[in-house]
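None of the figures in this text is laboratory data; all of them are computed from the coordinates on show. Worth saying up front: this structure is predicted, and the values here are computed from it rather than measured. Ideal geometry is used to build each Cβ from the backbone, glycine not excepted, and the neighbour counts take in all protein chains shown.
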Amino acid sequence: MARGLNKVMLIGNLGKDAETRFTSGGTPVTNFSLATARRTKDSQTGEWKDETDWHDIVLWRAENLAPYLVKGAQVYVEGRLQTRSWEDQSGQKKYRTEVVADSFNLMLLGGRGGGGDAGGGRAPAGSRGSSAPSGGGGSAPAGGDMGVGDDDVPF
């Protein structure tokens, strides 16, 4: 019997600059909000309207990506949904649903991040031990230019 599937794939724009913190064990965790948009047609008026959804992203082991995860940058994120609960100061139970990913499941796609095209999103962002390139604005691929072109992709 199958155990189930919990997988989320999103393409959107960052709502604010990412923030990186470290756990007590020293593991980096980066948080940011991601906006995804869709266009729907109002059935009564026939007018098109844009709707935006906001997603809280928790990105593990990606401290070298934080300088490139800036407001407006377009990214692809793949992860899983996780809901946490806690009690606030007044004793009320609170819930938060997040998309949990690691650096191997994120690609910087370019977009509005200020640096123009980021290589078409072909290079995966953030492999362990690699350093991010300097310069290039907020949307450069954090894995660097890996020299991968259209002819190099086997599909």
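Scan (1) free of Cβ contacts under 8 Å to residues at least 60 places away in the same chain; (2) touching a Lys or Arg at 6+ places or on another chain (Cβ under 6 Å) for the single condition GLU19 breaks and write down its number.
Among (1) free of Cβ contacts under 8 Å to residues at least 60 places away in the same chain; (2) touching a Lys or Arg at 6+ places or on another chain (Cβ under 6 Å), the lone unmet condition for GLU19 is (2).
Just to be sure I understand the filter: pairs with C-beta atoms under 7 Å, separated by 6 or more residues or on different chains, first member in the range 37-48 and without any contact (Cβ under 8 Å) to a residue 60 or more places away in the chain, second member hydrophobic (A, V, I, L, M, F, W, C) and outside any loop (DSSP other than H, G, I, E, B). Which pairs pass?
Cβ pairs passing all conditions: ARG39/TRP48; LYS41/TRP48.
Of all residues in the range 16-26, which are touching a strand residue (DSSP E or B) at 6+ places or on another chain (Cβ under 7 Å) and surrounded by fewer than 15 Cβ atoms within 10 Å (Cβ to Cβ)? It would help to see each step written out before you state the result.
Taking the range 16-26 as the starting set, the residues that turn out to be touching a strand residue (DSSP E or B) at 6+ places or on another chain (Cβ under 7 Å) are 16, 18-23.
Residues satisfying the conditions are LYS16, GLU19, ARG21, PHE22, THR23.
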